[in-house]
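Enquirer: Before anything else, here's the structure in question.
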Amino acid sequence: MNLKKVSINTALPGKPRARILIIYTGGTFGMSYDKEGVLTPFSFEYILDQLPTLKNLALAITAVSFETPIDSSNINPEHWQLISSVIFDQYDQHDGFVVLHGTDTMAYTASALSFMLDGLNKPVIFTGAQLPISEPRSDARENLITALDIASAREQDDPIVPEVCIYFDYELLRGNRSKKVESMQFDAFDSGNYPPLAKAGVKIDYNFSVIRTPSRTTTLNLRATFETNIAILKLFPGINKNVVSAVLNTPGLKAVILETYGSGNAPTLSWLLEQLSAAIERGVIIVNISQCPGGRVVQGRYETSKGLQQIGVISGADMTTEAAVTKLMLLIGEYGSSNAKTMIGISLAGELTA
């Protein structure tokens, strides 16, 4: 896929305080109305017209964009590979990265990149908007300005937030702890099991105690092979045997995210346990993730989860579905099912609490 590139130095004639790469994938953020009233992507060549306050940040900005911006509902692992490869290739030339992305699948992409960019020690900040930047009440301007500020923020010459994050509506969240929770309000994202890394008010208040601090000697390594033969099986009252069987007997199936009730509970139906057990015996990895936006899976706490534990269902602890899906895809693709089964319960990028 071809990428369009635009360079903007907002510090001229002075020296920029940081070099930031913006990657625009598509989504609501960069849309504007044409003469016929149709939303079309705007060009970053004119970003200063939309955001003249960028000049106050004194940054050397390079903006690359997908030749054909895409709705985030169409995002797939090939796009994750493209975004991560751009960051990997430009890593030494930039101090931080901002990814403009549609909100619908932003949490999936942020989760995926947190696992792909092994050894990351620079900020990768995802943001977007609920209203196009051309709209008078758009949230795009504040989201981008603050995301750029965070991506360039340093303390004693070290990046303040050296991890993959989502910035939206005045809050900075760990990417692989986030999920979209709102489609009609500006506070689109939440991380129920992890506190915000920062809150933006009159100043940006960083919560240093919850920000990851990777080793300075770490070298960035790109992991980019995905296995997509996985499924999500969400339990609900009245779920029947045929539905479960259809999912678990999918040809080539490698793994299943089992979305359970509460702290990891499931119906004590003999046929359900039998089918799950048979799938596990065939080598299918089954990971237990709670349907609740907060809390964690504690298998064996109640009788309704003890059976899952006994047959070999793996606890997903407090991972989000988005993190579990992308992590499983990557681990199986990179290391195979046997190693993935061991690694899924290990925190790789702060996505779960041990």
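FYI, it's all coordinate maths here, none of it is from the lab. Only a predicted model underlies this, so the values are computations on that prediction, with no experimental measurement involved. Positions of Cβ are generated from backbone atoms using ideal geometry, with glycine treated the same way; all protein chains shown enter the neighbour counts.
Enquirer: Can you bin segment 71-158 into rounded, prolate or oblate? Criterion: square roots of the alpha carbon gyration tensor eigenvalues sorted a ≥ b ≥ c, rounded for a/c under 1.5, prolate for a/b above b/c, oblate for the rest.
Expert: The shape class here is oblate.
Enquirer: Can you list residues from other chains, or at least 5 along the same chain, whose modelled amide H is less than 5 Å from the amide H of Tyr24?
Expert: Residues meeting the amide H criterion: Val64, Ser65, Phe66, Leu100.
Enquirer: Can you tell me how segment 208-252 classifies by the Cα gyration tensor, rounded, prolate or oblate, using a/c under 1.5 as the rounded cut?
Expert: Oblate, since a/c reaches 1.5 and b/c is not below a/b.
Enquirer: Which value in deg cm²/dmol, rounded to the nearest 500, describes the helix-derived mean residue ellipticity at 222 nm for the chain, given -39,500 (n - 2.57) per DSSP H run of n ≥ 4 and division by the residue count?
Expert: Calculated at 222 nm, the ellipticity per residue is -8000 deg cm²/dmol.
Enquirer: Let me ask something additional. For Asp190, what residues show an amide H to amide H distance below 5 Å, using hydrogens built from the backbone and excluding near sequence neighbours?
Expert: Lys179, Val181
Enquirer: How far is helix 77-89 tilted, in degrees, relative to the longest principal axis of the Cα atoms in the chain, given as a value from 0 to 90 rounded to the nearest 10?
Expert: 50
Enquirer: Let me ask something else. Among DSSP beta bridges lying fully in segment 230-343, give the percent that are antiparallel, nearest 5.
Expert: So the antiparallel bridges in segment 230-343 amount to around 5 percent.
Enquirer: Does segment 172-285 come out rounded, prolate or oblate, given a ≥ b ≥ c as the square roots of the eigenvalues of its C-alpha gyration tensor, rounded meaning a/c under 1.5 and, failing that, prolate meaning a/b above b/c?
Expert: It comes out prolate by the Cα gyration axes.
Enquirer: Could you tell me how far the Cα centroid of segment 148-226 sits from the Cα centroid of segment 313-354, in Å?
Expert: First find each Cα centre; the distance between them is then 20 Å.
Enquirer: Turning to a different aspect of this structure: If you average the alpha carbon positions of segment 254-293 and of segment 11-26, how far apart do those two centres end up, in angstrom?
Expert: A separation of 47 Å, based on Cα centres.
Enquirer: Select from Leu330, Leu272, Leu21 the residue whose mean-square fluctuation is largest in a Gaussian network model of the chain (Cα-Cα springs shorter than 10 Å).
Expert: Leu272
Enquirer: Pairing the Cα long axis of helix 270-281 with the longest principal axis of the chain, what angle in degrees results, from 0 to 90 and rounded to the nearest 10?
Expert: Around 70 degrees separate the two axes.
Enquirer: Let me ask something else. Report, to one decimal in Å, the Kirkwood hydrodynamic radius for segment 202-354 based on all distinct Cα pairs.
Expert: Roughly 16.6 Å, rounded to one decimal.
Enquirer: Here's a follow-up. Give the peptides 51-58, 283-290, 233-240 in descending order of average Cβ contacts within 10 Å, highest first.
Expert: 283-290, 51-58, 233-240
Enquirer: Hey, can you rank 104-114, 203-213 by average C-beta count inside 10 Å, highest first?
Expert: The packing order, highest mean first, is 104-114, 203-213.
Enquirer: Would you be so kind as to identify which of Pro195, Phe208, Gly252 lies farthest towards the positive end of the dipole of segment 158-311, taking Lys and Arg as +1 and Asp and Glu as -1 on Cβ and the Cα centre as origin?
Expert: The listed residue farthest towards the positive side: Gly252.
Enquirer: Okay, moving on. Quick one: of the DSSP bridges fully inside the chain, what percent are antiparallel, nearest 5?
Expert: Looking only at bridges with both residues in the chain, the antiparallel portion is about 45 percent.
Enquirer: Which listed residue (Ala324, Phe66, Thr10) has the Cα farthest towards the positive end of the charge dipole for the chain, taking +1 on Lys and Arg C-beta and -1 on Asp and Glu C-beta about the Cα centre?
Expert: Comparing the listed Cα positions along the dipole, Ala324 ranks first.
Enquirer: Can you tell which of Pro195, Pro162, Pro136 shows the greatest fluctuation in a Gaussian network model of the chain with Cα springs below 10 Å?
Expert: In this elastic network of the chain, the residue with the biggest mean-square fluctuation among Pro195, Pro162, Pro136 is Pro136.
Enquirer: Could you list which residues have their amide H under 5 Å from that of Phe126, counting only those 5 or more apart in sequence or on another chain, with H placed in the peptide plane?
Expert: Placed amide hydrogens put Val99, Cys165, Ile166, Tyr167 under 5 Å from Phe126.
Enquirer: Another one. Local charge sum around Gly27 (other residues, Cβ-Cβ under 10 Å, Lys/Arg +1, Asp/Glu -1)?
Expert: Around Gly27, the charge tally is -2.
Enquirer: Another question about this same structure. Under a point-charge model restricted to the Cβ atoms of Lys and Arg (+1) and Asp and Glu (-1), what is the dipole moment magnitude of segment 3-222 relative to its Cα centre, in debye to the nearest 20?
Expert: In total the dipole reaches around 500 debye.
Enquirer: Of (1) 64, 44, 34; (2) 72, 52, 37; (3) 65, 53, 36, which is the value of Cα extents along the principal axes in Å derived from the coordinates here?
Expert: It is the value labelled (2).
Enquirer: Output ³J(HN,Hα) for segment 349-354: one whole-Hz value per residue in order, computed from phi by the Karplus curve 6.51 cos²θ - 1.76 cosθ + 1.60 with θ = phi - 60°, and x for Gly and Pro.
Expert: 9, x, 7, 9, 9, 5
Enquirer: Using a cut-off of 15 Å between beta-carbons, work out the net charge of the residues near Val247 (Lys and Arg +1, Asp and Glu -1, Val247 not included).
Expert: Here the charged neighbours net out to +2.
Enquirer: Less than 12 Å Cβ to Cβ from Ala323, Lys/Arg counted +1 and Asp/Glu -1: what total charge do the surrounding residues give?
Expert: That works out to +1.
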